[in-house]
Amino acid sequence: MDSKITEREQWTSRLGFILAAAGSAVGLGNLWGFAYRSSQGGGAAFVLLYLLIVLIVCLPVFVAEMALGRNTMTSTLLAPVKLAGKNWYPLGILFFIAPLGIASYYSVIMGWTADTLFHSLFIGLPKNLTEAETFFGSISTGKSVLLGHLLSLVLTALIVSSGIKKGIEKVTRFFMPILFIIIVVLAIWASTLSGAWEGYKTFLFKFDFAELTNPQTIRNAFTQAFFSLSLGIGIMVTYASYLNRKSNLPKLSIGVASLDTLVGLLAGFITFPIVLTFGLSDAISESTVGALFISIPTALGSYGAVGRIVAVAFFALAYIAAITSSVSLLEVPVSSLMDKFGFKRKNSVWLITVFLFLAGIPSALNLNIFATVDSIFGGVLLIFGGFLVSFFMGWVVPSKFNDELNASKVGIKTTRYLKFMTRWVAPPIIAFGLLISLFDLLKSWVS
Ligand code: PHE
């Protein structure tokens with residue numbers, strides 16, 4: 001199981017890492033997942049659970065993933081074996097397969113996003129809900145969906161094939177600031193809508209205690225936390241393997257997690273006011289997948305020129321957010337093949353891209369398959385991966401975890417706190433979340 005690395009690229013600076021990692025984290029999950037999951041009955045209880053999971057569970061997992069990457073300086077397929085021997089190869093394989101699973105359908109949603117963007121730009125917005133539904137129907141079937149899927153994969157591949165510094169870092173450095181500007185401007189605009197206050201209330205203050213124990217809300221909160229932070233599937237392991245030895249891992253992870261959470265909340269401050277101003281909240285919570293693509297254009301359709309500009313800005317924002325996430329999904333398997341078999345970056349990229357195109361076809365053509373693949377790869381597998389990585393760093397190779405915390409020079413208190421959380425707090429809580437999520441998922445399949 002020799003790794004055949006010759007020389008390993010590095011981010012040009014810590015900011016480069018933060019923007020790339022935040023680019024991975026901030027994605028369609030923030031703009032689309034956050035809105036529909038919180039309106040699926042969870043309301044403010046969902047938001048509260050989500051924030052608690054991020055703080056208590058995801059931050060230690062984040063640091064554990066980064067420690068694994070930086071300590072081994074190798075890709076996710078080989079990292080666990082390098083630290084703990086051959087028995088841990090399955091963890092590497094899980095980290096190889098999980099991002100492939102998500103990437104295969106993520107590009108499908110990117111295709112819908114691009115279609116909606118072009119439609120808003122060149123043709124116009126739908127006049128009513130029925131027209132919007134017909135439009136979504138047309139972009140989510142047949143040739144049009146396959147073309148969107150293919151083009152989004154090719155765009156992602158072109159960036160990843162240019163490498164870490166010249167590809168991923170360059171693109172995220174350019175796009176992330178633009179993304180933040182668009183999202184803040186849109187949130188300010190949304191605050192002027194007549195339904196703004198109603199939207200905030202629904203999103204943040206409609207608190208129902210019973211929701212805290214509702215398995216669906218718990219599953220939604222765990223899924224959203226892991227999916228949105230890109231945790232549990234080796235992304236942060238890979239990105240941290242391009243960091244230098246001196247970077248402060250806990251500080252970096254707090255930076256990335258804060259940016260991601262901020263964008264998730266800001267996105268809620270955009271979608272909820274828009275949707276509630278037009279009484280379209282059912283369109284969001286009922287249709288999980290198409291929510292954003294139906295309700296947002298419908299609502300904005302009645303705003304004339306301003307509505308159209310906002311729609312273009314919103315879907316451009318979504319596409320930017322998505323592409324900086326999809327590059328991270330591709331980088332994980334690509335770097336694994338490079339390290340394991342000595343493949344050239346370009347060959348590895350195109351091989352996997354062809355695979356992803358084929359693997360994504362069933363999800364592209366059938367929304368039920370799409371939802372199933374999403375609930376497995378974008379849900380329970382991430383939570384399971386999060387459990388394994390905290391268990392691995394906390395219990396299997398604690399001394400390596402310690403080394404990385406020492407190298408980060410975070411002080412004795414933070415070190416103790418993180419070790420404690422990674423060993424005693426994160427694994428049992430994630431195991432609990434995983435069980436509830438599995439149970440809820442199986443129940444949804446049976447019913
Ligand atoms: N975090 C991204 C989002 O919110 C999606 C993603 C999940 C990317 C897992 C990489 C890994 O859309």
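Against the condition open to solvent by less than 20 Å² (accessible area, probe 1.4 Å) and within 15 Å of the ligand (Cβ to nearest atom), how does Gly386 come out, does it pass? Judged against the criteria, Gly386 is a match.
Being under 14 Å from Gly232 (Cβ atoms), of a type in the set (A, V, I, L, M, F, W, C) and either touching a His at 6+ places or on another chain (Cβ under 6 Å) or away from the ligand (no atom under 16 Å from the Cβ) (or both) is the requirement here; does Phe392 meet it?
When the stated conditions are applied, Phe392 passes them.
Suppose we filter Ala318, Ala311 for residues that are open to solvent by less than 30 Å² (accessible area, probe 1.4 Å), within 16 Å of the ligand (Cβ to nearest atom) and touching a residue at least 60 places away in the same chain (Cβ under 8 Å); which single one remains? Just a single option satisfies the conditions, and that option is Ala318.
Taken over segment 412-435, the residue count meeting the criterion of being among the polar types (S, T, N, Q) and without any contact (Cβ under 8 Å) to a residue 60 or more places away in the chain is 1. Checked against the criterion of being within 16 Å of the ligand (Cβ to nearest atom) and open to solvent by 40 Å² or more (accessible area, probe 1.4 Å), the candidates Leu15, Leu51, Leu59, Leu19 yield just one match: Leu51.
Tell me, yes or no, whether segment 261-273 has at least one residue that is crowded, with 24+ Cβ neighbours inside 10 Å, among the aliphatic types (A, V, I, L, M) and over 29 Å from Ser408 (Cα atoms). Within segment 261-273, one or more residues are crowded, with 24+ Cβ neighbours inside 10 Å, among the aliphatic types (A, V, I, L, M) and over 29 Å from Ser408 (Cα atoms).
When the residues of segment 62-82 are filtered to those that are aliphatic (A, V, I, L, M) and not in a helix (DSSP H, G or I), the one that is most open to solvent (accessible area, probe 1.4 Å) is Met73. Scanning segment 389-410 for residues that are within 17 Å of Phe432 (Cα to Cα) and buried (at least 22 other Cβ atoms within 10 Å of the Cβ) yields Val389, Ser390. Residue check: is Ala359 at pLDDT 95 or above, buried (at least 22 other Cβ atoms within 10 Å of the Cβ) and touching a Ser or Thr at 6+ places or on another chain (Cβ under 8 Å)? No; evaluated as a whole, the condition is false for this residue.
For segment 363-383, give me the residue count where each residue is under 26 Å from Leu158 (Cα atoms) and either within 21 Å of the chain's Cα centre (by Cα) or within 15 Å of the ligand (Cβ to nearest atom) (or both). Total meeting the criteria: 7.
Comparison of Ile168, Ile159, Ile97, Ile93 shows that the only residue that is at pLDDT 95 or above, farther than 29 Å from Ser295 by Cα, out of contact with any Asp or Glu (no Cβ under 6 Å at 6 or more places or on another chain) and open to solvent by less than 20 Å² (accessible area, probe 1.4 Å) is Ile168. Would you call Thr130 of a type in the set (Ser, Thr, Tyr) and within 30 Å of Gly433 (Cβ to Cβ)? It is false that Thr130 is of a type in the set (Ser, Thr, Tyr) and within 30 Å of Gly433 (Cβ to Cβ). The set of residues in segment 237-268 that are more than 16 Å from the ligand (Cβ to nearest atom) and outside any loop (DSSP other than H, G, I, E, B) comprises Leu249, Pro250, Lys251, Leu252, Ile254. The number of residues in segment 341-355 being of a type in the set (Lys, Arg), part of a helix (DSSP H, G or I) and open to solvent by 40 Å² or more (accessible area, probe 1.4 Å) comes to 1. Counting the residues of segment 201-217 that are open to solvent by 40 Å² or more (accessible area, probe 1.4 Å), part of a helix (DSSP H, G or I) and modelled with pLDDT of 90 or more gives 4.
Pick out, from segment 85-195, the helices (runs of 4 or more DSSP H) lying fully within it that include 1 or more residues that are closer than 16 Å to Leu329 by Cβ. Because the criterion is at least 1 residues that are closer than 16 Å to Leu329 by Cβ, the helices (runs of 4 or more DSSP H) in segment 85-195 that meet it are 89-118, 142-161, 170-191.
Scanning segment 220-254 for residues that are touching a Ser or Thr at 6+ places or on another chain (Cβ under 6 Å) and modelled with pLDDT under 95 returns no hits.
The values are calculated or read from the model by the stated rules, or taken from the named source; none is laboratory data. Everything numeric here is computed off the predicted structure, so don't read it as measured data. All Cβ positions, glycine included, derive from the backbone under ideal geometry; neighbour counts span all protein chains shown. Remember, those area values only see protein heavy atoms, side chains included, never the ligands or the DNA or RNA. Shrake-Rupley method; radii C 1.70, N 1.55, O 1.52, S 1.80 Å.
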